[in-house]
């Protein structure tokens with residue numbers, strides 16, 4: 001605050017008040033950033049439906065995209081994920097071709113053709129308790145028809161939904177940023193900022209008037 005060249009205890013006090021106000025305004029910026037990060041962290045909670053709401057205009061079912069991935073992903077990350085998914089889908093369609101072949105080991109060959117995570121998904125499906133199945137859902141069977149139903153009814157729709165999620169990551173990111181906003185907290189911070197601005201204006205006005213008065217007195 002050397003720019004004000006204060007003289008005397010009154011000017012010293014006013015300059016200290018101005019310095020305190022500016023310090024509080026910097027803290028206010030930190031508080032706004034902290035409130036935003038706190039709200040953003042809240043969108044990551046498992047009970048939040050940020051992704052579902054962001055993609056409500058699309059015909060999607062289920063959810064595999066995590067909010068944190070949509071927030072952190074770059075364009076290159078998304079393109080890499082799309083390329084990986086395309087490879088995964090091609091392996092799945094190859095497995096379906098094997099299931100439609102006349103090979104004696106069609107089931108085994110098709111299962112070996114899909115990626116490990118899909119093999120694990122199939123194993124979990126086979127191990128599912130029949131009592132946990134839906135009304136029209138048939139128990140999975142470890143044979144050609146059972147694996148075909150799984151790939152066509154579960155895996156292929158998953159690819160379709162996943163592609164929509166990846167293509168609309170910007171919407172998910174915008175939804176998360178919007179949900180992170182706490183209007184009540186922002187309003188309180190805004191009122192405090194207005195209070196600081198008014199106080200700063202008063203202190204500066206008093207200081208400048210005091211300086212003008214001192215200069216007038218010296219010239220007189």
As I understand it, the value is the acute angle between the Cα axis of helix 8-42 and the longest principal axis of the Cα atoms of the chain; what does it come to in degrees, rounded to 10? 10
Rounded to one decimal in nm, the spacing of the 7 Å Cα→Cβ label points at residue 16 and residue 76 is 5.3
Between the stretch 25-53 and the stretch 111-147, what is the C-alpha centre distance in whole Å? 39
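By how many nm would the segment from residue 120 to residue 208 grow when fully extended, if each residue of separation counts as 0.36 nm and the alpha-carbon distance is taken off?
Details: separation 88, 0.36 × 88 = 31.68 nm, distance 7.50 nm.
Computed gain between residue 120 and residue 208 is 24.2 nm.
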Can you give me the angle between helix 156-167 and the longest principal axis of the chain, using Cα atoms only, in degrees from 0 to 90, rounded to the nearest 10? 20
Just from its helices, what would the mean residue ellipticity at 222 nm be for the chain, if runs of 4 or more DSSP H residues each count -39500 (n - 2.57) and the sum is divided by every residue, rounded to the nearest 500 deg cm²/dmol? -23500 deg cm²/dmol
Average silhouette area of the chain, convex hull of alpha-carbon atoms, in square nanometres: 19.2
Extension gain, residue 109 back to residue 30 (0.36 nm per residue minus Cα-Cα distance, nm): 22.6 nm
What's the exposure ranking of 32, 80, going from fewest to most Cβ atoms within 10 Å? 80, 32
What distance in nm separates the simple spin-label points at residue 177 and residue 159, each placed 7 Å from Cα in the Cβ direction? 3.3
Quick one: what does P(r) look like for the stretch 126-196 with 10 Å bins over all Cα pairs, in whole %? 15, 23, 17, 18, 12, 9, 5, 0
Can you tell me the 0 to 90 degree angle between the C-alpha axis of helix 183-219 and the longest principal axis of the chain, rounded to 10? 20
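For the stretch 93-140, just say rounded, prolate or oblate: build the C-alpha gyration tensor, square-root its eigenvalues into a ≥ b ≥ c, call rounded for a/c under 1.5, and beyond that prolate if a/b exceeds b/c, oblate if not.
In terms of gyration-tensor shape, prolate.
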Say each of residue 84 and residue 201 gets a label point 7 Å from the Cα, pointing the same way as Cα to Cβ; how far apart are those two points in nm? 5.4
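Could you compute the FRET efficiency for residue 135 and residue 57, with r as their C-beta to C-beta distance and R0 at 30 Å, rounded to 0.05?
0.55
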For the stretch 65-179, take the convex hull of the Cα atoms, compute a quarter of its surface area, and give me that in nm², please. 8.6
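Assuming R0 = 35 Å, can you tell me the calculated FRET efficiency for the pair residue 191 and residue 44, based on Cβ-Cβ distance, to the nearest 0.05?
Efficiency, from the Cβ-Cβ distance: 0.75.
Since every read-out is calculated from the coordinates, none of them should be taken as a lab result. Treat the numbers as computed from the prediction; the structure is a model and nothing was measured. No Cβ is skipped: glycine too gets one built from the backbone with ideal geometry, and neighbour counts run over all protein chains shown.
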